[in-house]
Amino acid sequence: MISAETDRIYLSATSDCLIEDLKLKRRIRIAKKGSRSTVVWNPWIEKAAKMGDFGENGFLGMVCVETANAAEDVVRILPGGEHRLQATFSVEPLP
């Protein structure tokens with residue numbers, strides 16, 4: 001549950017992330033590859049009011065879950081190198 005401004009990095013996060021949407025009776029699954037960190041974000045009241053695209057109380061119906069390479073999970077790519085980061089989103093019914 002998110003009940004305040006949230007901006008967190010979860011390290012060693014290699015499992016799928018699950019969002020339980022009780023209102024729509026669904027679970028959103030975010031599977032990933034090439035990442036061991038996840039960022040969860042919601043601007044809450046004050047920051048959302050400064051953002052033109054949220055509308056009134058829009059922050060109450062959203063959560064941003066980002067597949068990332070953040071903090072100690074940062075990836076440095078040398079010239080000519082590459083790194084692949086993949087996120088797959090799926091929706092399934094709640095059990």
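The values are calculated or read from the model by the stated rules, or taken from the named source; none is laboratory data. The structure displayed is predicted, hence computed values, not measured ones. Quick reminder, even Gly has a Cβ in these numbers, built from the backbone with ideal geometry, and neighbours come from all protein chains shown.
Return the residues of the stretch 1-20 that are touching an Asp or Glu at 6+ places or on another chain (Cβ under 8 Å) and farther than 15 Å from Val74 by Cα; say none if nothing qualifies.
Going residue by residue through the stretch 1-20, those that are touching an Asp or Glu at 6+ places or on another chain (Cβ under 8 Å) are 5, 11.
Passing the criteria: only Glu5.
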Counting only residues in the stretch 26-55 that are in contact with a strand residue (DSSP E or B) (Cβ under 6 Å, 6 or more places away or on another chain) and either free of Cβ contacts under 8 Å to residues at least 24 places away in the same chain or β-branched (Val, Ile, Thr) (or both), the one farthest from Glu82 (Cα to Cα) is identified as Ile28
Within the stretch 53-74, the residues that are loosely packed, with under 11 Cβ neighbours inside 10 Å and in a loop (DSSP other than H, G, I, E, B) are Asp53, Gly55, Glu56, Asn57, Val74
Residues in the stretch 75-95 that are surrounded by fewer than 10 Cβ atoms within 10 Å (Cβ to Cβ), modelled with pLDDT of 95 or more and either among the hydroxyl-bearing types (Ser, Thr, Tyr) or in a loop (DSSP other than H, G, I, E, B) (or both) total 8
Filter the stretch 21-52 for residues that are surrounded by fewer than 16 Cβ atoms within 10 Å (Cβ to Cβ), charged (D, E, K, R) and under 30 Å from Val75 (Cβ atoms); the one that is farthest from the chain's Cα centre (by Cα) is Lys47
Only unsatisfied item for Ala13, checking (1) assigned to a loop (DSSP other than H, G, I, E, B); (2) surrounded by fewer than 14 Cβ atoms within 10 Å (Cβ to Cβ); (3) of a type outside the set (D, E, K, R), is (2)
